[in-house]
Structures are given as structure tokens and as C-alpha cells.
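J.: Once you've had a glance at the structure underneath, I'll fire off some questions.
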Amino acid sequence: MTTVLLTGFEPFAGDATNPSGDAVRAVAERWTGPETLVTEVLPVTFAGAAARLRVLIDEHSPDVVIAAGLAGNRAQVTPERVAINLADARIPDNAGEQPLDAPSVPGSPAAYFATLPVKAIAAAIAGAGIPASVSHSAGTFVCNHVMFTALDAVAAQQDVRAGFVHVPWAAETAPAGAPALPLADIVRSLEVAVRTSLDTRGDARITGGALD
């Protein structure tokens, strides 16, 4: 049986909600298979999120790993192309930890490319009428740390695909003036990301580059 691991995050820094976690819960409620879907809402902590993700991968041996998180300054859903081996926190995580210039995984490569079909995912989400594009930086906070950890955890397993999708604020709960999409669109975008990852072996041969 094919297994997908889909994760989001808990609220961060006093926020009442986190659209990534809310959307992952909604995907779980709507899921009809036929694949097995395992979902989890991770803590917004460097140590806790990485440790829990590795446990989930070990327990469930997923064929696809998709982590989702909030990018509050973005108006689009953005599959991430690259994770770097760097934890450099501008602000503390939910546990009060603030790593500076530290490797996410000591001794591992400087970076990993996502093994999800990121261009195909972005195109499929856009084709569903939801703004989407490929991103080339997951930052240096917990989102990047989780993406790097996922790719590191499955690096020796050639048949396992992993990556990360950033989502905007949900319009229903966004701070005033923040770019946002309806939560229903965020939920649908993650469903599309999962289905595209399962059904697309290579990536789409379309432009996904950036000038800055």
C-alpha cells in the first residue's frame, strides 16, 4: 500500500491558528484514498519538529513526504525547490530556542533539492485556479529545517519523494493587510500537491526559474 506523510505546523508566536496545520487536518478529513494518508501537526520548534518527523518516517515508511508551512508574506502557494543545511533563526521558535549559523544536520550535504515534482505541482495548483509558483528559498527557520530533515531522512531511499510546500495566510484568519487565500483553496492546493506527487514520476519541463 502506498503511504503519504503530510504535515503542517501548530500556531506560532501567539498566533491563534496556522493555516498549514488547519489545512492538513482538513485534507485528512476529506481523504478518500486509495493510498494511506498519515497526517501530523508539528511543533514550531527546531528540535521537536525534526525529531517528530524522523519518528513518523521511521514508523510509517512513507512513499511521499510533504511538509507544509506558513509563509505569511506570500500571496501564492509555493512548492520549495531547495533546502539548505542551515538553521539561522531571526526570532526564537516556540520553545524559545534561537540557533545561529548552525547546521540543520551536522555532517550532511550543504543542500538538498526537493525530490517532489515541484514544477508540476505548481502548475497543477495554478491549473486548479489557485495562485502558485515554485520558490527557491525556504528560508532558514523551522520550515527549511523540517524540509532539510525530511530529505536527509530519506536520502538513501531512492523511491521515496520528499519536499515542502509553503502556503499563505488563510483569508478567514489572516492578520490585517496580510496576503491570503481562502482556507478552502489552501486545502485544495495540498490535495493537488499530494495527487501530483503520486501520479507524476518526472517533473514538468516548464520554466520555474527566478530573476531574484
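The values are calculated or read from the model by the stated rules, or taken from the named source; none is laboratory data. These numbers come from a predicted model, not from an experiment. Cβ coordinates were reconstructed from backbone atoms using ideal geometry, including for glycine residues, and neighbour counts include every protein chain displayed. Accessible surface is based on the protein model in full, side chains and every heavy atom, while ligands, DNA and RNA are left aside. Shrake-Rupley method; radii C 1.70, N 1.55, O 1.52, S 1.80 Å.
J.: So Leu190 clears everything in (1) open to solvent by 40 Å² or more (accessible area, probe 1.4 Å); (2) under 22 Å from Lys119 (Cα atoms); (3) touching a residue at least 12 places away in the same chain (Cβ under 8 Å) except one condition, right? Which one?
T.: (1)
J.: Taking the condition open to solvent by less than 20 Å² (accessible area, probe 1.4 Å), within 18 Å of the chain's Cα centre (by Cα) and at pLDDT 95 or above, does Ala122 pass?
T.: yes
J.: In the range 1-100, which strands (runs of 3 or more DSSP E) lie fully inside it and hold 2 or more residues that are on the phi < 0 side of the Ramachandran plot and buried (at least 24 other Cβ atoms within 10 Å of the Cβ)?
T.: Qualifying strands (runs of 3 or more DSSP E): 3-9, 64-70.
J.: OK, next. For the range 105-161, give me each residue that is in a helix (DSSP H, G or I) and either aromatic (Phe, Trp, Tyr) or without any contact (Cβ under 8 Å) to a residue 40 or more places away in the chain (or both).
T.: Matches in the range 105-161: Ala126, Gly127, Phe148.
J.: Would you mind finding the one in Ala138, Ala170, Ala162 that is modelled with pLDDT of 95 or more, within 22 Å of Met1 (Cβ to Cβ), among the small types (Gly, Ala, Ser) and open to solvent by less than 30 Å² (accessible area, probe 1.4 Å)?
T.: Ala162 is the lone residue from the list that is modelled with pLDDT of 95 or more, within 22 Å of Met1 (Cβ to Cβ), among the small types (Gly, Ala, Ser) and open to solvent by less than 30 Å² (accessible area, probe 1.4 Å).
J.: Are there any pairs with C-beta distances below 6 angstrom linking a residue in the range 77-96 that is without any contact (Cβ under 8 Å) to a residue 12 or more places away in the chain to a residue that is surrounded by fewer than 20 Cβ atoms within 10 Å (Cβ to Cβ), with the two at least 6 apart or on different chains, and if so which?
T.: If the second residue must be surrounded by fewer than 20 Cβ atoms within 10 Å (Cβ to Cβ), the pairs left are Pro92/Gln98.
J.: Have a look at Thr207, Thr149 and point out the one that is open to solvent by 40 Å² or more (accessible area, probe 1.4 Å) and polar (S, T, N, Q).
T.: Thr207
J.: In the range 81-98, which residues are closer than 20 Å to Pro43 by Cβ and either modelled with pLDDT under 95 or of a type in the set (D, E, K, R) (or both)?
T.: Asp88, Arg90, Asp93, Glu97
J.: Pull out all pairs, ordered by first then second residue, where Cβ-Cβ is under 7 Å, the residues are six or more apart or on different chains, the first lies in the range 40-63 and is closer than 18 Å to Ala162 by Cβ, and the second is modelled with pLDDT under 95.
T.: Correct list of pairs: Asp63/Asp159.
J.: Oh, and also: Starting from residues that are closer than 24 Å to Thr2 by Cα, among the aliphatic types (A, V, I, L, M) and modelled with pLDDT of 95 or more, keep the ones in the range 173-210 and report whichever is farthest from the chain's Cα centre (by Cα).
T.: Leu198
J.: While we're on this one: Just to be sure I understand, how many residues within the range 67-110 are among the hydrophobic types (A, V, I, L, M, F, W, C) and touching a helix residue (DSSP H, G or I) at 6+ places or on another chain (Cβ under 6 Å)?
T.: The qualifying residues number 7.
J.: Still on this structure, please answer the following. How many residues are assigned to a helix (DSSP H, G or I) and open to solvent by 30 Å² or more (accessible area, probe 1.4 Å) if we restrict to the range 173-187?
T.: Counting residues in the range 173-187 that are assigned to a helix (DSSP H, G or I) and open to solvent by 30 Å² or more (accessible area, probe 1.4 Å) gives 3.
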